[in-house]
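Enquirer: Quick one: this structure, given as structure tokens, is what I'll be asking you about.
Derivation of every value follows stated rules applied to the coordinates shown; laboratory data play no part. Remember, predicted model here, so these are calculated numbers, not experimental data. As a convention, Cβ positions derive from the backbone with ideal geometry for all residues, glycine included, and neighbour counts pool all protein chains shown.
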Amino acid sequence: MNGQNSRVRLNETHGNGYAEPDDDFGIGVIDGGNDNVIEENNVSGNTNGLFITAGARNTIVRDNVIVGNPGIQIGNLKPDARHADILNLAPAGQTYFERNVCVTGVNAPCPVLVVRPPQ
Amino acid sequence: MAQRRHIVLAAAIVVTALAAPAWADQVSGTLTRTFVIVEDTDLVGDVVCNVGSNPCFSFGASNVELRLNGFSMTGTANAVTGCGGAIFANEFGITTNGQHNVYVRGPGLIQRFRNFGITVTGGSRGTRIQGLTASTNCGSGIRVTAAAFDTVVEGNRLTRNGASSVGAPCGGI
């Protein structure tokens, strides 16, 4: 996705993307994407969970569960590949993270394992 | 007496107008050329798309919606392997085609297209895509291009989409 002022919310993305090359994703904010909000999505088992490329600007990422990316077989077959739950290549200050659950991240606040109290 | 007849007739017209569904196109079966959406459109059965190197559905007007109503749209990719990593030009399931305020509404399944399942093209504003499942498409399940504005992608399920093209990252959304 590289639109302007888009909102991606409440989606489930599982098992998307090829292992080679290692730039596929469950949700992607690609060069040219500005002012997008990614919120309350559930993302697992993809090549990368959330991939934010170097040219993305002013992205808000909040309240997502992004875990188990990539699947263990890809992780074992390609241990040197650049795969993660959140792979953020945008310049510092261009992506805003709030209350996400993830385990592996590049330039992202992982691991953050949140246990929410019963409602 | 005549006045009373007029009142009854007017009431009957109002009731009839309220009961009648708004006009909408209805689609099912096999498509062999692109279906251009110019008014609200309902799938009334599963659709198989065999349209060559073209989109299956293309919006041709703004402020209209495509409702899948629980049915599927199926392209020509392999059910297990998709396209084996390749992408074929223009073989989208649905393109917004630059129209504004169009709505693709689930539930429904968009599968096995040899490019993006849905592409929100440049120039489109206010597109809404909601409640769909996109699977085994050979590009992203849902793609929003750089010159598309104010798109909402909400409550969808994306699985087994993607390609191995170098320099063209893709996947779910």
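Enquirer: How charged is the neighbourhood of residue B:91? Take every other residue with its Cβ under 11 Å from the Cβ of residue B:91, and add Lys/Arg as +1 and Asp/Glu as -1.
Expert: Local charge sum for residue B:91: +2.
Enquirer: Using alpha carbons only, what's the Rg to Rh ratio of region B:24-159 with Rh from Kirkwood?
Expert: Reported Rg/Rh (Cα atoms, Kirkwood Rh): 0.92.
Enquirer: Further question: Do the sum for chain B: with -39,500 (n - 2.57) for every DSSP H run of n ≥ 4, divided by all residues, what is the mean residue ellipticity at 222 nm, to the nearest 500 deg cm²/dmol?
Expert: That comes out to -3500 deg cm²/dmol.
Enquirer: Next question, about the same structure. Using the Karplus curve 6.51 cos²θ - 1.76 cosθ + 1.60 with θ = phi - 60°, what ³J(HN,Hα) values do you get for each residue of region A:57-73, in whole Hz, with x for Gly and Pro?
Expert: Whole-Hz 3J(HN,Hα) from phi for region A:57-73: 10, 6, 9, 9, 10, 9, 6, 9, 10, 10, 9, x, 10, x, x, 5, 5.
Enquirer: List the residues whose amide H sits under 5 Å from the amide H of residue B:157, counting only those 5 or more places along or on another chain, with H placed 1.01 Å from N in the peptide plane.
Expert: Counting only residues 5 or more places away or on other chains, the set is A:12, B:132, B:133, B:134.
Enquirer: What is the sum of charges around residue B:130, taking Lys and Arg as +1, Asp and Glu as -1, for the other residues whose C-beta is under 12 Å from the C-beta of residue B:130?
Expert: Its environment carries a net charge of +4.
Enquirer: Give me the percent relative contact order of region A:7-106, please, defined on Cα pairs under 8 angstrom at least 6 residues apart.
Expert: That works out to 27 percent.
Enquirer: So, one more: Rounded, prolate or oblate: which fits chain A, taking a ≥ b ≥ c as square roots of the Cα gyration tensor eigenvalues, rounded meaning a/c under 1.5, else prolate when a/b beats b/c?
Expert: oblate
Enquirer: Considering only DSSP beta bridges with both partners in chain A, what is the antiparallel share in %, to the nearest 5?
Expert: Counting only bridges with both partners in chain A, antiparallel ones make up about 5 percent.
Enquirer: Now, a different point. Please give the calculated 222 nm ellipticity per residue for chain A, where each DSSP H segment of at least 4 residues contributes -39500 (n - 2.57) and the sum is spread over every residue; nearest 500 deg cm²/dmol?
Expert: -1000 deg cm²/dmol
Enquirer: So what's the net charge close to residue B:79: Lys and Arg +1, Asp and Glu -1, counting the other residues with Cβ under 13 Å from its Cβ?
Expert: +3
Enquirer: Along the charge dipole of region B:24-159, which of B:159, B:84, B:64 sits closest to the positive end, that is, farthest toward it, with unit charges on the beta carbon of Lys, Arg, Asp and Glu (+1, +1, -1, -1)?
Expert: With unit charges placed on the Cβ atoms, the residue in question is B:84.
Enquirer: Same structure, new question: Is the C-alpha gyration tensor of region A:55-105 telling us rounded, prolate or oblate? Criteria: a/c under 1.5 is rounded; beyond that, a/b larger than b/c is prolate, otherwise oblate.
Expert: oblate
Enquirer: Could you give the Stokes-Einstein D for the protein assembly as shown in µm² per second, using the C-alpha Kirkwood radius, 10 °C, 1.306 mPa s?
Expert: 81
Enquirer: I would also like to ask the following. First measure r as the distance between the Cβ atoms of residue A:35 and residue B:90, then evaluate 1/(1 + (r/R0)^6) with R0 = 35 Å and state the FRET efficiency to the nearest 0.05.
Expert: 0.75
Enquirer: Further question on the same structure: Beta carbons within 10 angstrom, averaged per residue: use that to sort the peptides B:161-168, A:36-43, highest first.
Expert: A:36-43, B:161-168
Enquirer: Ok, one more. Using θ = phi - 60° and the Karplus relation 6.51 cos²θ - 1.76 cosθ + 1.60, list the HN-Hα couplings for region B:49-62 in order, rounded to whole Hz, with x at every Gly or Pro.
Expert: My calculation for region B:49-62 gives 9, 10, 10, x, 8, 9, x, 6, 10, 9, 5, x, 8, 8 Hz in order.
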